[in-house]
Amino acid sequence: MCVVVRLRSFVGWLRAGYPRTDDPYGYIPLVALFGGALTDEQVEQIAARVEARGAGPVDDLDIKVAITHLTHEMPTDSDLRRVRDRLTARRGNPG
């Protein structure tokens, strides 16, 4: 299913279940409850998996494949950035 269709469906579901009030903040409090797509544990797992390959430099495609393999979903730019940052931190602070 197309991401846009899925997102519209989710927003429709969210609006149907959200109480109708004069809340000036609208849906912002609900959006704040949603975390990133990957947990910190998943970011660490993916970084370790990519490092364990040991086949030369790591590029964004390697990270995206590892994310997709673990989550079975397309990675977001935020996911990619978090794993890349974790890999950089691990290289700077070995062991």
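The values are calculated or read from the model by the stated rules, or taken from the named source; none is laboratory data. This one's a predicted model, so the numbers in the text were calculated from it and none came from an experiment. Glycine also receives a Cβ, built like all others from the backbone with ideal geometry; neighbour counts cover every protein chain displayed.
Observations on the structure shown:
- All positions within segment 23-46 that are surrounded by 15 or more Cβ atoms within 10 Å (Cβ to Cβ), assigned to a loop (DSSP other than H, G, I, E, B) and modelled with pLDDT of 85 or more: L38
- Residue match in segment 5-20 (condition: of a type in the set (V, I, T), over 21 Å from L80 (Cβ atoms), exposed (fewer than 11 other Cβ atoms within 10 Å of the Cβ) and at pLDDT below 65): no
- Per-region count, segment 47-91, residues crowded, with 17+ Cβ neighbours inside 10 Å, more than 26 Å from V4 (Cβ to Cβ) and among the hydrophobic types (A, V, I, L, M, F, W, C): 4
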